[in-house]
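The values are calculated or read from the model by the stated rules, or taken from the named source; none is laboratory data. Small disclaimer: the values here were computed from a predicted structure and weren't measured. Glycine gets a Cβ as well: all are built from the backbone with ideal geometry, and neighbour counts include every protein chain shown. The accessibility values were calculated without ligands, DNA or RNA, using every heavy atom of the protein model including side chains. Shrake-Rupley method; radii C 1.70, N 1.55, O 1.52, S 1.80 Å.
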Amino acid sequence: MRITSLINILVCALLSGSGLCHAQDGDALKLWYRQPAGAWTQALPVGNGRLAAMVFGTVGKEHIQLNEDTIWSGEKRDRSNPEAPQSLAQIRRLLMEGHPAQAQALADKTMISIPRALPVYETLGDLWLDFGSGPDATDYRRELDLDTGIVTVRYTAGGVHYVRDVFASTPASHCLIVRLTADKPGSISFQATISRSADASTESAPGRLIMTGQALPKRAAGENNTGVRFRSEVKAAVSGGKMESSGGHLDVSGADSVTLTIVAETEIREKDLAAACARDLAAASRAYEALRSEHIADHRHFFRRVHLELPVDASVRALPTNERLARVQKGEIDNDLFALYFQYGRYLLIASSRPGSMAANLQGKWNDSLTPAWGSKYTININTEMNYWPAETCNLPELTEPLFDLIDAAREDGRRMARFYYGAGGFVLHHNTDLWGDAVPIDGAQFGIWPMGGAWLSLHLAEHYDFTRDRKFLAQRAYPVMKEAAQFFLDYLVDDGKGHLVTGPSLSPENTYRTASGERAVLTMGPTMDTEILQQFFGRLIEASNILKIDPDFRAKVEAARAKLNPLKIGRWGQIQEWPEDYDEVEPGHRHISHLFALFPGDLITPHKTPELATAARATIERRLANGGGGTGWSRAWIINFWTRLADGEKAYQNLTALLARSTLPNLFDNHPPFQIDGNFGGTAAIAEMLIQSEAGELQFLPALPKAWSHGEVTGLRARGGLEVDVKWNDGLPATATLRPTVDGVHVLRPPSGSRIRAVRDGGQSIRLQPGAGSGAPLTVKAGHVYAIQFERGGG
């Protein structure tokens, strides 16, 4: 162990007092390892939204796997099934008459897209730096510094100390930078190559490597043999020594230092790929220190907005990340690892979703395959939405812009699908989309016949407004999309014969029910999740219309439709029913828990306002878990969020521990299995929800704090209504909080049980709250002011 690490541990221990390290040492925000990555899931990610990479850190032959966010197989084309319009009425009739298997078979034949699958997101390729054989390395360390967004590899070999730095710059034309240095002049020699396993060719030019190719389909039956054309270039700037390039490789010998700049462009954004790459390389042709400094400043603009401290054992923090994870997997306690995991989730969103980039997909932007699991697409029946759960609460609101761009891109095909398939206005999205915004139902009726993707995604626009209170955004971007999504449902909903409006044909995502006769089925009319989404979505549309004082006639239609939606039902197990009838699940521990949408991310079920439904929601979760639920990382992350809304900090903590212990890979990527990034983002959002909640018109402090987090502090979280919130706690109760409103408003403050508000100050002025402040008191705030809150023991 280095002397500096020992000093950091001692300083942290002295300052911690009760176990909380306020002076974070150098490893507090680092993932680090004593060995190179032996597999892709051990490599470390960097990204700038458009270009991403995984760094292995191998001493003799560095491997950096590359991605560019628009490299997709396939093309934009009409994928609609020509039989769909004629079959819709018959499918609905079969479902209403109790013949779901027949309805499903017909839907599978007549409604699923042609071809049945969408294009997939493919890897760009691999950069290899072959340093040759040499003396064994010592003092090896590989790390990702979340605070700088830089991966660093350090080691000593032959008496020379080598350092490699890798980062993905947004300011420098979205390039990837690799910096190689040594503490002895003339010590750097290597051969660089760039490659792809298929559909690409490489060549060399003076000081550069060039790879061109096309992302052709690999196993998509019926897909035309076409895909996105791309070009990537690697440019070397060498100090000392010499450089030669020929035969598709670049050779450097005897250099003091080397800076490699990697760029990539595709025909999605550019017409002349060679000219675009030349432009990008020219923009990055500056001194390395300037590139590094501007990258760090850009990264910290987002990353440093939120700070989290949890109880820490300094000796455990000093361990490599894989060893810390292994301890948790063995049942050991490492609360500080949760803080690192939280900030890692924020880092991953910064690295995978930037204004102007594509939205984060199933793997964020990190994919090493030409045939990734589930196509590494946009699965919008939970996964894409989960990717953006932490964006608002964790103070990264600008990073939602690519998601909103994705919705805009999909509306064109969504309008066509609404008209052709359903004879409806507005736009509709099903359970997946892609680079081109395809809106068709895919994969099979048991997956694809789910028309709720547009409504759920549109709720993210409403959430963005709720957190920012940006009326211009609401009027110009959010409301037009929401209105168009709502129009589809006004045309699409049908009467169930009992006075209610229902969706259908539809399903409860990916789950199967068993009828009283023993028949297994997926399709139904009016599954619970659809109703919950529409209740939430229609409510937000009505609210937006009122705020903007527009469309009273349209609003009235939405209000009338909302009033006719089915109420939530409680089944014989005491659970929220998943379907209109109280069917049994074929798989009681199913990974999707879609019928609790109203609990999270919705807010229609709360312990305070709907206690009976909250009790049923608890029974639903417990039944799922008792039957083996939560087996995938993203499902476990969703469960944690459920427990936070039920104000059960201990259950939230147990499941957060399970997320790391059972569904987290050595580089802290989430494991479905295989890797999916949604669990990272869902887990990060859950940690924020454990500390601050602001749904249902209240600002709740520490609503789901576990006993294990007895002391701590968080700064910079965001709450609905345009608030930035800090809170510090001791002995499991809040001590102080700070509110920084960006707009005027009124917020109902709710401390946790056992605590009450003692004082609120606006600068030097004391504010008197109404009697009964401990159980929820309204506070009127002004934009730009800072409100300091002090708590004391007491209350319920």
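Couple of notes before you dig in:
- Every residue from segment 127-152 that is surrounded by fewer than 24 Cβ atoms within 10 Å (Cβ to Cβ) and hydrophobic (A, V, I, L, M, F, W, C): W128, L129, F131, A137, L146, I150
- Candidates in segment 111-126 are the residues that are in a loop (DSSP other than H, G, I, E, B) and in contact with a strand residue (DSSP E or B) (Cβ under 7 Å, 6 or more places away or on another chain); of these, the one that is surrounded by the most Cβ atoms within 10 Å (Cβ to Cβ) is E122.
- Candidates D491, D496, filtered to the one that is closer than 17 Å to W579 by Cβ and of a type in the set (D, E, K, R): D496
- For segment 315-345, the set of residues classified as of a type outside the set (S, T, N, Q), outside any loop (DSSP other than H, G, I, E, B) and within 22 Å of Q35 (Cα to Cα) consists of V316, R317, E323, R324, L325, A326, R327, V328, L337, L340, Y341, Y344, listed by residue number.
- So A107, is it within 30 Å of P217 (Cβ to Cβ) and part of a helix (DSSP H, G or I): yes
- One residue stands out among those in segment 730-739 that are buried (at least 17 other Cβ atoms within 10 Å of the Cβ) and over 28 Å from the mean Cα position of the chain (by Cα): the one that is farthest from I789 (Cα to Cα), which is G732.
- Of the residues making up segment 740-767, those that are in contact (Cβ under 8 Å) with a residue 40 or more places away in the chain and either surrounded by fewer than 16 Cβ atoms within 10 Å (Cβ to Cβ) or farther than 16 Å from A783 by Cα (or both) number 9.
- Top-ranked residue of segment 658-697 - restricted to ones that are part of a helix (DSSP H, G or I) and hydroxyl-bearing (S, T, Y), ranked as nearest to A43 (Cα to Cα): S663
- Applying the condition of being over 28 Å from G74 (Cβ atoms) and part of a loop (DSSP other than H, G, I, E, B) to segment 218-247 and asking which residue is modelled with the lowest pLDDT yields G247.
- Restricted to segment 368-479, the set of helices (runs of 4 or more DSSP H) holding at least 3 residues that are over 24 Å from G745 (Cβ atoms), in contact (Cβ under 8 Å) with a residue 40 or more places away in the chain and in contact with a helix residue (DSSP H, G or I) (Cβ under 6 Å, 6 or more places away or on another chain) comprises 383-387, 401-422, 453-468.
- Verdict on G425 being open to solvent by less than 40 Å² (accessible area, probe 1.4 Å), modelled with pLDDT of 95 or more and farther than 16 Å from S113 by Cα: yes
- Looking only at residues in segment 533-576 that are touching a strand residue (DSSP E or B) at 6+ places or on another chain (Cβ under 7 Å) and polar (S, T, N, Q), the one that is most open to solvent (accessible area, probe 1.4 Å) is Q535.
- Residue check for N655: in contact (Cβ under 8 Å) with a residue 24 or more places away in the chain, assigned to a loop (DSSP other than H, G, I, E, B) and crowded, with 23+ Cβ neighbours inside 10 Å: no
- Pair list, Cβ < 9 Å and 6+ apart or interchain, from segment 123-146 residues that are under 30 Å from Y341 (Cβ atoms) and touching a residue at least 60 places away in the same chain (Cβ under 8 Å) to residues that are in a loop (DSSP other than H, G, I, E, B) and among the β-branched types (V, I, T): T123/I71; L124/I71; A137/V59; Y140/V59
- Per this entry, A719 is counted among residues that are small (G, A, S) and crowded, with 21+ Cβ neighbours inside 10 Å.
- Annotation note: Cβ proximity below 8 Å between a residue of segment 51-62 that is free of Cβ contacts under 8 Å to residues at least 24 places away in the same chain and a residue that is open to solvent by less than 10 Å² (accessible area, probe 1.4 Å) and assigned to a strand (DSSP E or B) (sequence gap 6+ or interchain) occurs for F56/E62; F56/I64; F56/Q65.
- Taken over segment 199-212, residues that are within 18 Å of H63 (Cα to Cα) and either of a type in the set (F, W, Y) or open to solvent by less than 30 Å² (accessible area, probe 1.4 Å) (or both) amount to 3.
- Counting only strands (runs of 3 or more DSSP E) that sit wholly inside segment 28-77, those with at least 1 residues that are open to solvent by 10 Å² or more (accessible area, probe 1.4 Å) and over 30 Å from R411 (Cβ atoms) are 30-33, 61-68.
- Of everything in segment 480-499 that is without any contact (Cβ under 8 Å) to a residue 60 or more places away in the chain and assigned to a helix (DSSP H, G or I), the residue that is farthest from the chain's Cα centre (by Cα) is P480.
- Count of segment 265-312 residues which are more than 30 Å from G74 (Cβ to Cβ) and open to solvent by less than 40 Å² (accessible area, probe 1.4 Å): 16
- Subset of segment 155-173 (residues that are over 25 Å from the mean Cα position of the chain (by Cα), surrounded by fewer than 20 Cβ atoms within 10 Å (Cβ to Cβ) and of a type outside the set (A, V, I, L, M, F, W, C)): Y155, T156, G158, G159, H161
- Of the residues examined, I605 is not one that is modelled with pLDDT of 95 or more, among the β-branched types (V, I, T), in contact with a Pro (Cβ under 8 Å, 6 or more places away or on another chain) and farther than 26 Å from Q363 by Cα.
- Here T321 passes the criteria (1) without any contact (Cβ under 8 Å) to a residue 40 or more places away in the chain; (2) open to solvent by less than 10 Å² (accessible area, probe 1.4 Å); (3) polar (S, T, N, Q) except the one numbered (1).
- Scanning segment 251-290 for residues that are in a loop (DSSP other than H, G, I, E, B) and either farther than 14 Å from F230 by Cα or of a type outside the set (V, I, T) (or both) yields a count of 10.
- Residues located in segment 58-70, provided they are closer than 15 Å to T433 by Cα and in contact with a Leu (Cβ under 7 Å, 6 or more places away or on another chain): T70
- Identity of the residue in segment 97-110, touching a residue at least 24 places away in the same chain (Cβ under 8 Å) and surrounded by 16 or more Cβ atoms within 10 Å (Cβ to Cβ), that ends up farthest from A418 (Cα to Cα): P100
- Among the conditions (1) more than 16 Å from A52 (Cβ to Cβ); (2) not in a strand (DSSP E or B), the only one that S173 does not satisfy is (1).
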